[in-house]
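Readers should treat all values here as calculations from the given coordinates under stated rules, not as data from a laboratory. Predicted, not measured: the structure shown is a model, and the values here were computed from it. When we count neighbours, we look across all protein chains shown, and the Cβ atoms used for this are built from the backbone with ideal geometry, even at glycine.
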């Protein structure tokens, strides 16, 4: 059994390097993977309008549809840049969409999967923002707010998010916070924790057999996780 975990591509335009490399990577998964777990922020911005108004994402959506047609199952964990995924994911791709963290059973092992944006419980301003973005009110806005207006708002929010991300990295020790959070999940019986959001690729293999995998990103690292026959690993696209 082989599963792939990706997060934090923050895709914008098809001509961008990370967009092109991810398209290549996904094409190589056809016939080779059972499940693709997307742990949030695949897009720089996504909210589930019907029909899909974001034409710059159509090549990626077609690639995901090809994967599903080839027999790959998709599980999507919403992030802080993509939420209320909408009918394309739930109906066209028949994906399982998780609005928050979930414990997944893989080959009899319990894995805790999350985007990771809820790990830092002391970042109260962000927790409030997340509550608003994931609320039913925001979901209802897709029925009344034109996509062009939503996109303009999203551009401004993304710009602020990038600024705040730099400040937060200086304020918080993200690796330490994630390791403490993972230790709690291990005590609850999880064999592994897989998270995105922090853009820091690393894997901790503990003496008791538990594993913490921080996925990194598809912006500068091009890293991803792989589960193959009971082993979880961190890999970089383009390396042997």
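Values for this structure:
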item: Counting DSSP beta bridges with both ends in the chain, the antiparallel % (nearest 5); result: 50 percent
item: Estimated distance in nm for a label pair at residue 151 and residue 90, the labels positioned 7 Å out from Cα along Cα-to-Cβ; result: 2.4 nm
item: Length-normalised contact order of region 2-236 in % [C-alpha pairs under 8 Å, at least 6 apart]; result: 23 percent
item: Packing-based order for 18-27, 135-144, using average beta carbon neighbours within 10 Å, highest first; result: 18-27, 135-144
item: Reciprocal of mean inverse Cα separation for the chain (Kirkwood radius, Å); result: 18.3 Å
item: Residue 122 paired with residue 66, simple spin-label distance in nm, labels 7 Å along Cα-to-beta-carbon; result: 4.7 nm
item: Rg over Rh, two decimals, region 19-154 (C-alpha only, Kirkwood Rh); result: 0.97
item: Theoretical ellipticity at 222 nm over the chain - DSSP helices of four or more residues, -39500 (n - 2.57) apiece, nearest 500; result: -10500 deg cm²/dmol
